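The next block holds one structure in the form of structure tokens; read it before the comments.
Where a number appears in this text, it was derived from the coordinates with a stated rule and is not lab data. Please read these numbers as outputs of a predicted model, since none were measured by experiment. Cβ: placed from backbone, ideal geometry, glycine included. Neighbour counts: every protein chain shown.
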2 protein chains.
Amino acid sequence: MAGSATRAQIVAAADRLFYEQGFEHASFTAIAEAVGLSRGNFYYHFRRKDEILSAVIESRLENTRAMLRQWEDEAAEPDARIRRFIRIVVTNGPDIRDFGCPVGTLTAEMAKLRHPARPRAAALFTLFRDWLRDQFAALGHHREADAMALHVLAFSQGVAALSNAFGDEDFVRREVERLEGWLDTRIPAAD
Amino acid sequence: MAGSATRAQIVAAADRLFYEQGFEHASFTAIAEAVGLSRGNFYYHFRRKDEILSAVIESRLENTRAMLRQWEDEAAEPDARIRRFIRIVVTNGPDIRDFGCPVGTLTAEMAKLRHPARPRAAALFTLFRDWLRDQFAALGHHREADAMALHVLAFSQGVAALSNAFGDEDFVRREVERLEGWLDTRIPAAD
């Protein structure tokens with residue numbers, strides 16, 4: 001139990017460092033220092049940075065699934081759920097301005113490193129894609145649901161990239177309003 | 001003359017390696033090997049990777065300015081010029097699928113590294129932003145021209161990120177068509 005708590009602490013510290021500094025830059029030593037562990041204790045849990053990366057990605061997948069379940073619990077209507085996703089770029093605004101989108105920047109880095117974890121990192125996008133597709137399907141968009149899900153994901157990536165580059169909150173608000181306007185036209189009128 | 005040709009060769013090799021592997025991962029040694037230079041000859045031109053980075057960014061800025069001037073020469077109408085930009089995600093499709101957008105991924109990496117070159121990297125975005133704004137202004141959109149320019153830039157970043165993650169050409173084509181449809185509604189009708 002103490003062992004698994006330590007492991008979780010390492011994964012949480014590495015998750016944050018990979019996000020804030022990038023996977024390549026965040027060193028094994030920096031992660032050990034962040035959790036204040038001796039090298040021996042640290043090695044007991046992880047021997048290579050790639051092993052920590054795998055644990056971080058699996059942890060992000062689990063946290064994302066839990067967050068999506070929570071959004072489902074908190075909002076019964078599919079369009080309200082989609083709005084929750086759209087507004088992430090506002091909710092997580094400060095982090096995104098400093099470090100970009102955690103999913104997009106990790107996936108891009110894995111691609112450049114030709115890293116074997118690339119498909120698992122991309123699976124984070126797939127979680128959101130499938131969840132958004134299910135919401136659009138519940139709104140009655142069946143054939144187009146996946147294309148709509150990708151459109152919303154592309155919005156989030158575009159806004160995150162430019163928010164990170166320019167730090168312009170008005171731009172983020174404008175794009176959120178624009179996409180919510182687009183979403184409004186996709187909600188079937190109540191009978 | 002031979003000296004400046006060698007320098008340009010180093011910058012071109014580093015530009016490609018920074019794009020394909022990321023700045024942090026691409027080593028000084030890998031760049032020297034890519035141009036086949038002795039360490040002494042290489043050091044004559046650059047002593048630190050940060051110096052190469054600055055030269056790469058200035059070179060990208062110059063190449064981008066030249067490309068935008070060429071687009072202006074090749075298309076007289078502002079909407080045709082904007083379409084040239086929109087279609088970059090198709091024109092550069094294979095590179096984007098493998099390595100993402102060169103501007104977006106470099107800017108994101110500079111942010112995570114808290115690198116002093118971050119503002120110069122973001123200036124690459126500003127070149128496109130200002131150029132797109134000028135085209136929208138020429139179409140008669142004055143107060144909204146900058147917001148429209150950012151909307152088009154966000155599109156390019158969103159499409160590049162998801163193309164890199166999923167490698168789905170149909171998605172890219174759909175988003176290009178969608179944005180071209182949006183652009184069509186922004187072109188004033190001919191009298």
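How well do other chains shield peptide B:75-88, expressed as the mean number of their Cβ atoms within 10 Å of each residue Cβ?
Whole-number average of other-chain Cβ neighbours for B:75-88 is 0.
Could you compute the FRET efficiency for A:ARG87 and A:THR126, with r as their C-beta to C-beta distance and R0 at 25 Å, rounded to 0.05?
0.75
What is the distance, in nm, between label points placed 7 Å from the Cα along the Cα-to-Cβ direction at B:ASP98 and at A:ILE187?
My value for the distance between the label points is 4.5 nm.
Helix by helix through chain B, keep the DSSP H runs that span 18 Å or more along the axis on Cα and average at least -1.0 on Kyte-Doolittle, and give those back in order.
Result, helices passing both filters: B:2-21, B:49-74, B:118-138, B:145-166.
Treat every Asp and Glu Cβ in the protein assembly as shown as -1 and every Lys and Arg Cβ as +1, leave all other atoms uncharged, and give the resulting dipole magnitude about the Cα centre to the nearest 20 debye.
Roughly 1320 debye, rounded to the nearest 20.
Note the per residue figure in Å³ for the convex hull of the C-alpha positions in chain A.
126
Under the definition of partner shielding as Cβ atoms of other protein chains within 10 Å of a residue Cβ, what is the mean value for peptide B:106-118?
The per-residue average across the peptide is 5.
So between A:GLU20 and A:MET67, what do we pick up on full extension, going 0.36 nm a residue minus the alpha carbon distance?
14.8 nm
What residues of region A:1-21 lie in the reach of a label at A:ASN41, counting those whose backbone N is under 20 Å from a point 7 Å from the Cα along Cα→Cβ?
Within reach of a label on A:ASN41: A:1-17.
Tell me the GluC sites (Glu not before Pro) within region B:7-102 that lie in a loop according to DSSP and have at most 12 other beta-carbon atoms within 10 Å.
Here no loop site has a sparse enough neighbourhood.
Hey, for B:GLU33 with labels 7 Å out along Cα-Cβ, what do the inter-copy distances come to in nm, ordered shortest first?
2.9
Consider a paramagnetic label point 7 Å from the Cα of A:THR6 along Cα→Cβ; state which residues of region A:45-72 have an amide N under 20 Å from it.
Counting only backbone N, you get A:45-56.
Among the residues of chain A, which one places its Cβ closest to the rotation axis that maps chain A onto chain B, and what is that distance in whole Å?
Looking at chain A's Cβ atoms against the axis toward B, the nearest is A:GLY158, 2.
When you look at the Cβ of every residue in B:141-150, what mean number of other chain Cβ atoms sits within 10 Å?
2
Which value, in debye to the nearest 20, gives the size of the charge dipole of chain B about its Cα centre, when Lys and Arg are +1 and Asp and Glu are -1 at the Cβ?
Using Cβ point charges on Lys, Arg, Asp and Glu, chain B gives about 780 debye.
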